[in-house]
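Notes for the one structure printed next.
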Amino acid sequence: MRRLVHDLLPPEVCSLLNPAAIYANNEISLHDVEVYGFDYDYTLAQYADALHPEIFSAARDILIEHYKYPEGIRKYDYNPSFAIRGLHYDIQKSLLMKIDAYHYVQLGTAYRGLQPVSDEEVIDLYGGTQHIPLYQMSDFYGKGPSIKQFMDIFSLPEMALLSCVVDHFLGHGLEFDQVHLYKDVTDAIRDVHVKGLMYQWIERDMEKYILKEDETYTVLSRLVDHGKQLFLITNSPFSFVDKGMRHMVGPDWRQLFDVVIVQADKPSFFTDLRKPFRKLDEKGSLQWDRISSLEKGKIYRQGNLFDFLRLTEWRGPRVLYFGDHLYSDLADLMLRHGWRTGAIIPELEREIRIINTEQYMHSLTWQQALTGLLERMQTYQDAESRQVLASWVKERQELRCVTKALFNAQFGSIFRTFHNPTYFSRRLVCFSDLYMASLSCLLNYRVDFTFYPRRTPLQHEAPLWMDQLCTGCMKTPFLSDMAHIC
């Protein structure tokens, strides 16, 4: 099979990744999935980036007008290229930074306000190390005693505003309490959602803000046509969801879903037993009758997962739920209730296109360079070999800095640090069976398709790598195989 593939396609094409593909962390057969569940925001409804400047500006004005922050903050505009999802913020140190899967700060990715913090200062701030202890990092939902992780896409304007406000205070020599500032910015962002400002913008111009609306209908109707049951659990209000679904799917959208739950208050929906379901009438007004069943075509508010499981009997791996927030949407369902989960990661499409471009440009160059390096090292003495290796490593480190800037000049890729996966990637692997750029990726697969995680070697299973070349391993029989590794 390998020979056949290489005969049909050149190696550089085989190595390219497909941004419309679905990627598996765990084996899952769609044949066994009988029930599909969905979040709404950034899952069924994908939003344009044009929404983020609106959120930023509204929250900035709330800080000035209601929290009496300096008028000078109004000069800041939203910078879409500043932050990435998955960053951590140390509240006491006013430090926004990228942390890897092993709790180490990636040097060169720490910012206070809009200014980078030197590697030496970062290490000094954390007691002479890049490592941040687990108890400081976060609880189950990404919130620690002094460190917060920004996990959803709506947090991008929040990080930008937080950095701009800190930048203004520092730039003007104004004293401030880091905790108060963080809370005020967070509350201002929350007010944009609670007061319904974001909902109003989207409802006024759905063509501008909602993406891929035709594909949403196609995905849902295809599943229903194959006998699958569907449900929706969202934190958004009914009027907003109803208008969005009418725009994307049509006036009869509720007939596609067996159960619809709005204002669910996730993640407490998954753990709080005290909130009962309330039925809404056609106008969205609350009803008072006791809920003994969840009926198709009806709308329910709040509730909790335990009553949901009792009333529907949708349990275990025959349920697959999709959401964009690893903590609020997916973590409880996978670890505590055994549902299968799918993460919607819109940034994946852009990251894959960058990876493909970088791989294509450098694949032949690096193969040739590595082949030549190995040939030279087999004829050199130990001292000369070490010198050649040191030069190769230096060039590789410089390339990593360039590669980081391709993704984001400040923080790089949301999935990887220089050496390790990011903390975001670690959570993605823990809490999702599948991940993809959008729900439309499902259209590329049969409804009975089986996904398998890509088998990657453990460290002790991998072929010889560069750090082993100075330890007497150079005479191993498979040394020449390294020429094919990039």
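The values are calculated or read from the model by the stated rules, or taken from the named source; none is laboratory data. Fair warning: this is a prediction, and the values are worked out from it, not measured in the lab. Note: ideal-geometry Cβ built from the backbone for every residue, glycine included; neighbour counts use all protein chains shown. Ligands, DNA and RNA are stripped out before the accessible areas are found, and what is left, the full protein with its side chains, is counted by its heavy atoms. Shrake-Rupley method; radii C 1.70, N 1.55, O 1.52, S 1.80 Å.
Summary of values
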| quantity | calculated |
| --- | --- |
| Length gained when the stretch F176-R318 is fully extended (0.36 nm per residue, less Cα-Cα span) | 45.9 nm |
| Cα gyration tensor shape for region 162-296, rounded if a/c is under 1.5, else prolate or oblate | prolate |
| Global geometry of region 107-198, whether rounded, prolate or oblate, following the gyration tensor of its Cα atoms and the 1.5 cut on a/c | oblate |
| Net charge of Cβ neighbours under 14 Å - reference G171; Lys, Arg +1; Asp, Glu -1 | 0 |
| C-alpha center-to-center spacing [region 14-87, region 221-299] in angstrom | 23 |
| Ordering of 98-109, 157-168 by burial proxy (mean other Cβ atoms within 10 Å per residue, highest first) | 157-168, 98-109 |
| Residues T357 and S293, FRET efficiency given R0 of 56 Å [Cβ-Cβ distance, rounded to 0.05] | 0.60 |
| Set of lysines with alpha-carbon distance to K183 below 16 Å, sequence-local pairs under 8 removed | K68, K93, K143, K148 |
| Fully extended contour minus Cα-Cα distance, from H131 to E207, at 0.36 nm per residue | 22.8 nm |
| Full-stretch length increase - R222, H103 - with 0.36 nm per residue and alpha-carbon distance subtracted | 38.6 nm |
| Accessible surface of H172 - all protein chains present, 1.4 Å probe, nearest 10 Å² | 110 |
| Calculated FRET efficiency for the pair E282/Q115, C-beta based, R₀ 51 Å, to 0.05 | 0.45 |
| Within straight-line cross-link reach of K243, aspartates and glutamates at Cα separation under 18 Å, skipping those fewer than 8 residues along the same chain | D39, D41, E203, D205, E207, E213, D214, E215, D252, D281, E282 |
| Sequence ranges 54-65, 84-95, 117-128, ranked by mean other-Cβ count within 10 angstrom, highest first | 84-95, 54-65, 117-128 |
| D32-T450 pseudo-label distance in nm [points 7 Å out on the Cα-to-Cβ vector] | 1.0 |
| Solvent-accessible area per residue for region 155-230 (1.4 angstrom probe, square angstrom) | 48 |
| Estimated distance in nm for a label pair at K68 and S239, the labels positioned 7 Å out from Cα along Cα-to-Cβ | 3.3 |
| Shape call, region 72-157: gyration tensor on alpha carbons, a/c limit 1.5 | oblate |
